[in-house]
Amino acid sequence: MPDMTQTTISIRTAQDADAPAVIALWQAAGLTRPWNDPATDYALALAHPMARVLIADDRGRDGHSPVGTIMAGYDGHRGWFYYLGVAPTAQRQGIGRMLVRAAEAWLTSVGCPKAMLMVRSDNAAVTAFYTALGYEAQAVTTLGRRLDGR
């Protein structure tokens, strides 16, 4: 498959009106889980000054069709990535890499010194993707607890 990213892909900040397309992309990419409401996650990210949802638009598809997204947030100590997803029909064209680099640039612009992310332990393909971008496993254990009763 030819790499079209150099000529047709542009990265922009998501807006409220992008919600249906972004959520549909997250669902198509297998990113959503029953215990997380993607519409709420999207709205919270857009409302928070230290968070961004970035969209990769393909100008070659129907004018401006979102083909990828990443959510980035900065907690004042570390940056975090969530919802990196590329439409199944647009994968393996460098779009995920472009989104990660754009999110890193945004985090840098707000003074963030380090980017972090979580990958499910059984997702070797995603771990390999991030490793190829220079990310390394950290010597930490992530613990969690639901506070909403789910």
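Some notes on this structure:
- Restricting attention to the range 115-137, the residues that are in a loop (DSSP other than H, G, I, E, B) and surrounded by fewer than 10 Cβ atoms within 10 Å (Cβ to Cβ) add up to 6.
- Count of residues meeting criterion [under 25 Å from residue 50 (Cα atoms) and surrounded by fewer than 13 Cβ atoms within 10 Å (Cβ to Cβ)] in the range 83-100: 0
- Selection status of residue 108, without any contact (Cβ under 8 Å) to a residue 24 or more places away in the chain and either in a helix (DSSP H, G or I) or surrounded by 12 or more Cβ atoms within 10 Å (Cβ to Cβ) (or both): yes
- Output for the range 10-66, where each listed residue is touching a residue at least 60 places away in the same chain (Cβ under 8 Å) and of a type in the set (Val, Ile, Thr): 11
- Residue 74 meets the conditions (1) in contact with a Cys (Cβ under 6 Å, 6 or more places away or on another chain); (2) at positive phi in every case but one. The failed one is (2).
Every read-out reported here was derived from the displayed coordinates using simple, explicitly stated rules and does not represent laboratory data. Since we're looking at a predicted model, the values are computed, not measured. Positions of Cβ are backbone-derived with ideal geometry, glycine not excepted, and every protein chain shown enters the neighbour counts.
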